[in-house]
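Notes follow once the structure below has been shown.
The values are calculated or read from the model by the stated rules, or taken from the named source; none is laboratory data. Predicted model, so just to flag it, every value in this text is computed and none were measured. Positions of Cβ are generated from backbone atoms using ideal geometry, with glycine treated the same way; all protein chains shown enter the neighbour counts. To get the accessible areas, we keep the full protein, side chains included, count just its heavy atoms, and leave off ligands, DNA and RNA. Shrake-Rupley method; radii C 1.70, N 1.55, O 1.52, S 1.80 Å.
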Amino acid sequence: MSYAKSLRCSKCGREYPLEPINLCDFCFSPLEVTYDYRSMSEVVSREAISSGPVTMWRYLNLLPINDKVVDLGTGFTPLIKAENLGKEIGLDNLYIKNDCLNPTYSFKDRVVSVAISKAMEFGFDTVACASTGNLSASVAAHAAKTGLKAYVFVPANLEQGKMVSTAIYNPTLIAVDGTYDDVSRLCTQMVGRFKWGFININLRPYYAEGSKTLGYEVAEQLGWRAPDCAVAPAASGLLFTRIWKGLNELAMLGLIGPVNTHMYLTQAAGCSPIVNAFNAGSLHVHPVKPNTIARSIAIGNPSDGQYALRIARESGGGACAAFDEEIIEAMKLLSQTEGIFAETAGGVVIAGLKRLVDSGAIKRDELTVAFITGSGLKTQEAVAEVVSPITIQPTLSSFIENCADSVEGY
Amino acid sequence: MAKRGVMFTFPTEMIREPIIYNLGRRFDVVTNIRRADVSEDKGWVVLELEGKEEDIEQGIAWVVTKGVRVDPVIGDALEG
Ligand SMILES: Cc1ncc(COP(=O)(O)O)c(C=O)c1O
Ligand SMILES: [Zn+2]
């Protein structure tokens, strides 16, 4: 059995049993998994964790799973010291958490691995999700591994790369003739009708917990300490809140010292409802209409926005938006300094980081971790302009004629 | 009978309009407010709508034509 105790309303504190539900009946706010940390602390230790599997499942005791886990080998991705990028933007202690290196190339494998394991426990024979591509691929892959049926809803105009990287696992792929908002609305309407495990709706409290492992891993990889600053992308805001929860749980369990991490949240300027609220000093996140190339994080009405906002404020961090041109430039910068090809969400993080350093919010010597959450291979359209090869004949003379200028010492 | 959790976001010029009252009367939808905040320039209300599926649909469509933004209460269920 896991150490999960109940679901608790993040607003009014009412408690609910550990079932496939995601909203408080009274105030319609999101539910969150609570744990018996006292009992948990008796079994977890640095040694026990370090000798576990080299995946996110080394933290099994801190996650709400009772039965078998469904694992494709997710997590424990590299944390690399980014010397070149650090030099470029003015940081001496910059690290990149490279979550492109998951089985389906995004951090979504962490959340889906937990949600699908719970779906099996609850006895669902079908899982479903609405997605802009990363979530759908991960759900389809995990469903394939377990034999669960999967219904995956995407907007019909999704990028080809994301379609293929979902369809290859053979889910029932449904292209909805409508906008992103329409797909989302359709799926929330379906929850009452079908007895399915909706990965990011009725299974959402469990799904959320998967992201805590990003916080755990970074702390362990830094030699059991929290960073001074963390910079992460936000769509619904859930990932951001769970990195924070993960760090704080480790402190509560005595595995690391007190957490003084400044949490910085980044969004694309074309869809920045949480950043807007931060800048306006508001408590409520007003929805916006998304318009940005960073489509994977273009959520106009972030369900966990106010909680992410609170963490950015209370941790002494901040929030920062980047324009589409900056996002593209940042994707190139990360590739060309560190050899990491991230998707647009990664561009948002690096562009935001740059702004935060330029404005003096993040200081040169602070140990800073930037979370790169998805691979660039699925959204190549965004940077297709980089392809301008020199075309030559297969002869030495043609090479010399066309390229000699760039060959040093010729 | 169907139930639906929604969030209405009102632009400034709509704050004085009795939208929720009219929604209930015109479309035979029971409205039940759970959370809300209205300031001088903007307002939002989280509420539950209960009624026949098609009445809820038509009611929401009418609210949208009034310039009010309507979101499902889970937030966008759509994710990257
Ligand atoms: C690559 C990538 N990064 C970050 C996010 C943000 O996740 P969240 O909705 O938890 O804020 C998403 C998904 O929405 C994503 O696809
Ligand atoms: Zn509540």
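Output needed for the protein assembly as shown: three equivalent-ellipsoid semi-axes, defined as square roots of 5 times the C-alpha gyration tensor eigenvalues, in descending order, whole Å.
Working from the Cα gyration tensor, I get semi-axes of 37, 28, 24 Å.
Please list, or write none, the aspartates and glutamates whose alpha carbon is within less than 14 Å of the alpha carbon of A:Lys162, excluding same-chain residues fewer than 8 places away.
A:Glu343, A:Glu381, B:Glu79
For A:Lys81, give me every one of the aspartates and glutamates with a C-alpha distance below 14 angstrom, ignoring sequence neighbours fewer than eight places off in its own chain.
Here the aspartates and glutamates satisfying the reach criterion relative to A:Lys81 are A:Asp92, A:Glu338, A:Asp365, A:Glu366.
For chain A, what does -39500 (n - 2.57) per DSSP helix run (n ≥ 4), summed and divided by total residues, give at 222 nm, in deg cm²/dmol to the nearest 500?
-11000 deg cm²/dmol
Determine, from the Cβ-Cβ distance of B:Glu40 and A:Asp358 and an R0 of 30 Å, the FRET efficiency 1/(1 + (r/R0)^6), rounded to the nearest 0.05.
0.25
How much of the accessible area of the stretch A:1-132, probe 1.4 Å, is carbon plus sulfur, in whole percent?
48
Can you list the aspartates and glutamates whose alpha carbon sits under 19 Å from that of B:Lys3, skipping same-chain ones fewer than 8 residues off?
A:Asp25, A:Asp182, B:Asp28, B:Glu48, B:Glu50, B:Glu53, B:Glu54, B:Asp55, B:Glu57, B:Asp71, B:Asp76
Could you run the Karplus curve 6.51 cos²θ - 1.76 cosθ + 1.60 with θ = phi - 60° over the stretch A:283-297 and give me ³J(HN,Hα) per residue in whole Hz, x for Gly and Pro?
Per residue, the Karplus-derived 3J(HN,Hα) values read 8, 9, 9, 7, x, 10, 8, x, 7, 7, 6, 7, 5, 5, 10 Hz.
Considering amide H positions built from the backbone, and no H for Pro or chain starts, which residues 5 or more places from A:Glu32, or on another chain, come under 5 Å of its amide H?
Close amide H contacts, sequence-distant or interchain: A:Arg8, A:Cys9, A:Ser10.
Can you list the residues of the stretch B:1-16 that have at least 30 square angstrom less accessible area with all protein chains present than in their chain by itself, probe 1.4 Å?
Residues of the stretch B:1-16 that lose at least 30 Å² of accessible area once the other chains are added: B:Arg4, B:Met7.
Of A:Gln306, A:Gln393, A:Gln336, which is the most mobile in a GNM of chain A whose springs link Cα atoms less than 10 angstrom apart?
A:Gln393
For the pair A:Val387 and B:Glu13, what calculated FRET efficiency results from E = 1/(1 + (r/R0)^6), where r is the Cβ-Cβ distance and R0 = 56 Å, to the nearest 0.05?
After rounding to 0.05, the efficiency reads 0.70.
Highest GNM mean-square fluctuation, chain A, Cα pairs closer than 10 Å: which of A:Asn279, A:Asn202, A:Asn248?
A:Asn279
For a quick check, take a GNM of chain A with Cα springs below 10 Å and name the residue from A:Ala234, A:Ala361, A:Ala294 with the largest mean-square fluctuation.
A:Ala361
Need one number: % antiparallel among DSSP beta bridges in the stretch A:203-329, to the nearest 5.
10
Calculate how many DSSP beta bridges within the protein assembly as shown are antiparallel, expressed in % of all such bridges and rounded to the nearest 5.
Of all bridge pairs located within the protein assembly as shown, approximately 50 percent are antiparallel.
Could you please report the charge total around A:Trp196, scoring K, R as +1 and D, E as -1 over all other residues with beta-carbon less than 11 angstrom from its beta-carbon?
Every neighbour counted, the sum reads +2.
If you filter the stretch B:3-70 for GluC sites (Glu not before Pro), then keep DSSP loop positions with at most 11 other Cβ within 10 Å, what is left?
Taking the stretch B:3-70 and a limit of 11 other Cβ atoms within 10 Å, the loop GluC sites (Glu not before Pro) found are B:Glu40.
Which of the DSSP-defined H helices in chain A satisfy a minimum axial length of 30 Å, computed from C-alpha atoms, and a minimum mean Kyte-Doolittle hydropathy of 0.5?
Passing helices, by number: none.
Test of understanding: what is the full-extension gain from A:Ala404 to A:Lys332, defined as 0.36 nm times their sequence separation minus their Cα-Cα distance?
Length difference between fully extended and current span is 23.4 nm.
Order of B:18-28, A:37-47, A:398-408 by packing, highest average Cβ count within 10 Å first?
Most protected by this proxy first, the peptides run B:18-28, A:37-47, A:398-408.
So if each residue of separation counts as 0.36 nm, and I subtract the Cα-Cα distance between A:Leu101 and A:Glu42, what length gain in nm does that give?
Contour length minus the Cα-Cα distance gives 18.0 nm.
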